[in-house]
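Novice: Just passing along the structure, written as structure tokens.
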Amino acid sequence: MSWRNQGITGSNNIPLGKARHFGAGEEDGIIEERDLKRGRDPEPRSEADGPRRRKKRNRWGDASENKAAGLMGLPTAILSSMTSEQLEAYTLHLRIEEISQKLRIDDVVPADGDRSPSPPPQYDNHGRRINTREYRYRKRLEDERHKLVERAMKTIPNYHPPQDYRRPTKTQEKVYVPVNDYPEINFIGLLIGPRGNTLKKMENDSGAKIAIRGKGSVKEGKGRSDAAHSSNQEEDLHCLIMADTEEKVNKAKQLIHNVIETAASIPEGQNELKRNQLRELAALNGTLRDDENQACQNCATHAGTWRRLRSCPCANRSRPKQQQLQREQRSEAMAERTNRWTCTLEIPQPGF
């Protein structure tokens with residue numbers, strides 16, 4: 001039967017496998033694993049690569065994948081006595097290095113128990129959230145490192161900041177206005193002043209840029225369309241200070257605090273800043289009078305520009321010399337008219 005010799009069975013044309021005979025060599029009996037698997041054959045592995053090593057599993061992970069391993073190299077033990085200046089410089093350097101490594105390994109978000117409450121979400125024009133958790137904590141660490149580096153460069157001689165540190169072009173800070181505690185005080189008017197002159201004077205004195213942002217900073221119907229300004233409208237009323245140095249920011253903060261504390265502690269009628277602003281506004285409008293800024297020296301009830309001196313009961317003792325001269329001139333004019341009328345009556349009429 002020839003079909004048996006050909007190795008085919010009936011209508012099946014697939015040839016049979018090789019018959020294994022006992023006592024045959026190992027080379028004939030070994031069936032390679034890749035011949036039994038279907039699909040694409042793997043790439044041939046050359047013997048030059050050496051024997052394949054099995055990767056040992058580690059429950060702690062690979063040392064190269066442990067990002068926080070570098071934080072363990074920071075020295076924290078003080079083995080010798082140090083002065084207060086040396087101790088301050090050491091703590092500054094240690095904190096700067098710690099923040100730098102956290103930013104480098106992207107370990108900026110603290111644990112669940114140490115997180116602060118999340119603020120309301122803010123979105124840009126494309127609908128993307130801009131105040132994410134990672135952004136907020138990274139921004140907080142970068143601001144803290146910037147302040148520490150500025151402080152270290154002033155106190156530590158020959159100090160060099162970290163390599164990945166980039167000094168920001170502008171430093172900005174917010175000073176919140178207590179409008180909820182004092183709703184009856186117009187803080188915006190006191191900070192801006194007539195025609196914005198008070199705000200411009202504070203900017204010139206401090207060298208920083210001051211902008212009022214938050215709820216109530218823009219009148220209804222006069223809103224702006226930019227995304228940055230729209231996002232600030234959801235916050236409380238505050239003054240945004242921007243400058244290139246920390247000294248200018250601190251000086252602008254001090255000027256703003258002076259205006260807020262004066263308005264909150266002194267009544268409106270006795271506020272010198274308010275009176276000067278009203279006088280300046282009257283001068284700009286052309287309605288300024290010379291006697292409006294004359295304050296009564298004896299009666300504190302009627303002191304201020306809102307009441308005229310003639311209505312004060314102590315006006316006779318504190319009247320300016322100009323008013324006294326005007327009164328004397330009126331008296332002399334009245335006396336002269338009276339004398340003329342009297343002389344007219346004494347002239348005899350003709351025919352009598």
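The values are calculated or read from the model by the stated rules, or taken from the named source; none is laboratory data. Worth saying up front: this structure is predicted, and the values here are computed from it rather than measured. Using ideal geometry, Cβ is built from the backbone for each residue, glycine included, and neighbour counts are taken over all protein chains shown.
Novice: Name the residue that is surrounded by the fewest Cβ atoms within 10 Å (Cβ to Cβ), counting only residues in region 187-219 that are in a loop (DSSP other than H, G, I, E, B) and either among the basic types (Lys, Arg) or at pLDDT 90 or above (or both).
Specialist: Looking at the filtered set, the residue picked out is 219.
Novice: Please go through region 94-128 and give me each residue that is part of a helix (DSSP H, G or I) and modelled with pLDDT of 85 or more, ordered by number.
Specialist: Those that are part of a helix (DSSP H, G or I) and modelled with pLDDT of 85 or more: 94, 95, 96, 97, 98, 99, 100, 101, 102, 103, 104.
Novice: Quick test for you: out of 165, 182, pick the one residue that is surrounded by 14 or more Cβ atoms within 10 Å (Cβ to Cβ) and aromatic (Phe, Trp, Tyr).
Specialist: Being surrounded by 14 or more Cβ atoms within 10 Å (Cβ to Cβ) and aromatic (Phe, Trp, Tyr) holds for just one of 165, 182, which is 165.
Novice: To continue, here is another question. Give the residues of region 262-287 that are charged (D, E, K, R) and at pLDDT 85 or above, sorted by residue number.
Specialist: Of everything in region 262-287, those that are charged (D, E, K, R) and at pLDDT 85 or above turn out to be 272, 274, 275, 279, 280.
Novice: Inside region 99-119, can you point out the residues that are over 18 Å from residue 132 (Cβ atoms) and either in contact (Cβ under 8 Å) with a residue 24 or more places away in the chain or surrounded by 12 or more Cβ atoms within 10 Å (Cβ to Cβ) (or both)?
Specialist: 99, 100, 101, 104, 105, listed by residue number.
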